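Structure record follows, encoded as structure tokens.
The values are calculated or read from the model by the stated rules, or taken from the named source; none is laboratory data. Everything numeric in this text was worked out from a predicted model, so none of it was measured. In this analysis, Cβ positions are derived from the backbone assuming ideal geometry, glycine residues included, and neighbour counts consider all displayed protein chains. Each accessible area value is taken on the protein alone, full model and side chains, heavy atoms only, with ligands, DNA and RNA left out. Shrake-Rupley method; radii C 1.70, N 1.55, O 1.52, S 1.80 Å.
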Amino acid sequence: MAQHNTNLTNLWAAAVLEQLVQLGVEDICIAPGSRSAPLVIAAAKLSHFKTNKGEQGQLRLHTHLDERGLGFFALGLVKARSKPVIVITTSGTAVANLYPAVIEAFQTSQPLMVLSADRPEELLNCGANQAINQKGIFADNVVEFCQIDALDSEAEITENLSSIVRAYQKATTSGPVQINCAFREPLYPTSTEHLLDIEKYLQDVDHVRPSISSTFEAESIQPSGKTLLVAGDLTPSQAQYVMALAERFDTPVIADINSKLPKHRLVIQSAELILEAQPDLLAEYDSVIQLGGRLVGKRLLNWLSESHFENYILVSPQALALDPSKTATQICIDIDEYCQDAVIEKSDHAQLLEKSGQILEKARTFMRSLSFGELKAAQTLCDVLDSSVDLFVGNSLSIRLMDLQSNRNFPVFSNRGASGIDGLLATACGVQQGRERPIVVLLGDTSLLHDLNSLMIARRHSSDYPLILIVLNNDGGSIFNMLPAANLGDVQRDFFQLPHGLGFGNIAKSFDIPHHSPSTEAQFKQQLTDLLKQNGVAMIELQLPPTESSQQIKALYEFSRNHCAASDSTG
């Protein structure tokens, strides 16, 4: 147990951090600021103590100057480690800058813990500097808000630590929390104060190890008839249980791009192309078990909502509703537990597996015939990357390009809770820091412009593994070429696409990041292959016409429809 040179403020901050570490926190993300100094000093001392004393477990401290990027970096750590991560901020707008990351965490039930420092009550609503109303600032986008006013005596420590324990438990089971701690000055320890042992204040943590509770019994809700599995957004651990379930009953599984499922004879990727080519191919199924939520494919979502299944079961540990069609029976239970207990009637799936394989093989051949652009670049990623490399993919066009690839054999991560374009690079950096392996990040130009500060995180945290940032620079929001806005002419260009005319070479140079700009498929493939052999961050910028990707995607869907009709007409 560490000892702390403290006044009451520092003693209380040290107790908070020690309690959270005892509960299982291993990562703390810190933005600079003075009101949060007691928390930062306590975290630094605790990390130093654990390292020097060789205590079991780790306490890793991460820093960044921008709270918005820091929040998303912490979210990436949560995605990678499936454990609560703390973000410490000072008072004022620093807290508000975490809002986008908190929203994403809430939408995906991720245990992000905001530990915000605040002014004491007497400094609020009186014109004091850097004092805003932080109480409930995240409104309904956190599952727990805990307000802890400035302490007046040591006797209050134990009672308030009980609130910290409850907040941790709620985060672990349900999603993001905010603990708002008011601190009075002095905020920094003085040399005249004595060492105090804080162990006597800490709560027993043996009884607060949480688990998802459910009344589910294996026999209570089971599919009937011919059953198909659909895998949504899963952790790598959950994906293993889903794969084991599919193999146990020899049942195909439609894999969302975020499912983390490997290439396998039972795994069907790119359902969008199959449903576009032959929508009746899945009509023979009586029941669907969807494991995990947040499906990307619009056609897959429409098929699930428009089909009349005997059973449509959606399994997720999240308490949030995850079925836009409101037709599924949603079960709140750990996916591993469900997969171990579920029973599926064995059926003949040869037609689905054979015909879907034919459709996807012809689609891949068609894509190889295209000129080099975003769609071809996505296909090249599938040719080069393997299961030892993670891919983090941005929203809008990037994730749709990768969703059309049917030979992915690597884990894919993304932010699909609110599907925003902010904080994507920062999240990817957090994923890499947590998983400690190479990562490729595929982003659009507008997404990167939203998150330029996070190039600092990429440069600082990628020295041990390759981090390759691929920027699809099509001069603005080309996703709108796929939407009705494309028919608006100059209005579409000036108010939706927002062309910027920028390149990223000088931006990369200002962050001391190597920059590459290949113009052919061969150059891109070679540079990607070479960079995967080098540790550190590098940028590959693909400068492409604004309308090319949308034209090629539309051509791919048209080919899929025509190919299916020709196949059926010949028997």
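Within the stretch 295-324, the set of residues being aliphatic (A, V, I, L, M) and over 21 Å from Glu345 (Cα atoms) comprises Leu295, Val296, Leu300, Leu301, Ala319, Leu320, Ala321, Leu322. Step by step: first the residues of the stretch 127-149, then only those that are among the small types (Gly, Ala, Ser) and part of a loop (DSSP other than H, G, I, E, B), then the one that is modelled with the highest pLDDT. Which residue is that? Once the filter is applied, the top-ranked residue is Gly136. Cβ-Cβ contacts under 7 Å between residues 6 or more apart (or on different chains), taken from a first residue in the stretch 270-283 that is closer than 17 Å to Leu375 by Cα and of a type in the set (Ser, Thr, Tyr) to a second residue that is part of a loop (DSSP other than H, G, I, E, B) and open to solvent by 10 Å² or more (accessible area, probe 1.4 Å), are listed as Ser270/Ser406.
Okay, residues lined up against (1) out of contact with any Cys (no Cβ under 8 Å at 6 or more places or on another chain); (2) surrounded by fewer than 16 Cβ atoms within 10 Å (Cβ to Cβ); (3) of a type in the set (A, V, I, L, M, F, W, C):
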| site | (1), (2), (3) |
| --- | --- |
| Pro499 | yes, yes, no |
| Ala508 | yes, no, yes |
| Gln527 | yes, no, no |
| Pro546 | yes, no, no |
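Scanning the stretch 454-510 for residues that are farther than 18 Å from Ala428 by Cβ and charged (D, E, K, R), we see that the one that is modelled with the highest pLDDT is Lys509.
This table checks each residue for (1) under 20 Å from Leu544 (Cα atoms); (2) open to solvent by 60 Å² or more (accessible area, probe 1.4 Å); (3) touching a residue at least 24 places away in the same chain (Cβ under 8 Å).
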position: Asp451; (1), (2), (3): no, no, yes
position: Ile457; (1), (2), (3): no, no, yes
position: Ser463; (1), (2), (3): no, yes, yes
position: Ile468; (1), (2), (3): yes, no, yes
position: Leu472; (1), (2), (3): yes, no, yes
position: Pro484; (1), (2), (3): no, yes, no
position: Arg493; (1), (2), (3): yes, yes, no
position: Leu502; (1), (2), (3): yes, yes, yes
position: Gly505; (1), (2), (3): yes, no, yes
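Across the stretch 6-20, the number of residues qualifying as surrounded by fewer than 21 Cβ atoms within 10 Å (Cβ to Cβ) and either free of Cβ contacts under 8 Å to residues at least 60 places away in the same chain or aliphatic (A, V, I, L, M) (or both) comes to 1. The set of residues from the stretch 308-322 being farther than 17 Å from Gln110 by Cα and surrounded by 15 or more Cβ atoms within 10 Å (Cβ to Cβ) comprises Phe309, Asn311, Tyr312, Ile313, Leu314.
Within the stretch 402-429, the set of residues being closer than 20 Å to Met539 by Cα and either without any contact (Cβ under 8 Å) to a residue 12 or more places away in the chain or out of contact with any strand residue (DSSP E or B) (no Cβ under 8 Å at 6 or more places or on another chain) (or both) comprises Asp422, Gly423, Ala426. In the stretch 347-363, the residues that are free of Cβ contacts under 8 Å to residues at least 24 places away in the same chain form Cβ pairs under 9 Å with partners that are open to solvent by less than 40 Å² (accessible area, probe 1.4 Å) and not in a loop (DSSP other than H, G, I, E, B), at six or more places apart or across chains, as follows: Gly357/Ile268. The numbered conditions (1) farther than 18 Å from Leu531 by Cβ; (2) surrounded by fewer than 24 Cβ atoms within 10 Å (Cβ to Cβ) are all true for Arg437 except (1). Of the residues Phe410, Phe392, Phe366, the single one that is on the phi < 0 side of the Ramachandran plot, buried (at least 24 other Cβ atoms within 10 Å of the Cβ) and aromatic (Phe, Trp, Tyr) is Phe392. Does Ala342 count as without any contact (Cβ under 8 Å) to a residue 24 or more places away in the chain, closer than 28 Å to Tyr241 by Cα and open to solvent by less than 70 Å² (accessible area, probe 1.4 Å)? Answer is no for this residue. When restricted to residues that are open to solvent by 40 Å² or more (accessible area, probe 1.4 Å) and within 17 Å of Leu404 (Cβ to Cβ), the stretch 236-275 contains 1. Out of everything in the stretch 150-170 that is of a type in the set (D, E, K, R) and in a helix (DSSP H, G or I), what residue ends up being surrounded by the most Cβ atoms within 10 Å (Cβ to Cβ)? The selected residue is Lys170. Looking across the stretch 83-126 at every residue that is in a loop (DSSP other than H, G, I, E, B) and touching a helix residue (DSSP H, G or I) at 6+ places or on another chain (Cβ under 7 Å), the one that is surrounded by the most Cβ atoms within 10 Å (Cβ to Cβ) is identified as Leu98.
The set of residues in the stretch 482-511 being within 17 Å of Leu449 (Cα to Cα) and not in a helix (DSSP H, G or I) consists of Leu498, Pro499, His500, Gly501, Leu502, Gly503, Phe504, Phe511. Among the candidates Ser356, Ser325, Ser287, the residue that is in contact with a helix residue (DSSP H, G or I) (Cβ under 7 Å, 6 or more places away or on another chain), small (Gly, Ala, Ser) and open to solvent by less than 10 Å² (accessible area, probe 1.4 Å) is uniquely Ser356.
Set side by side, the residues Lys326, Lys346 differ, and just one is at pLDDT below 95, in a loop (DSSP other than H, G, I, E, B) and either of a type in the set (Asp, Glu) or at positive phi (or both), which is Lys326.
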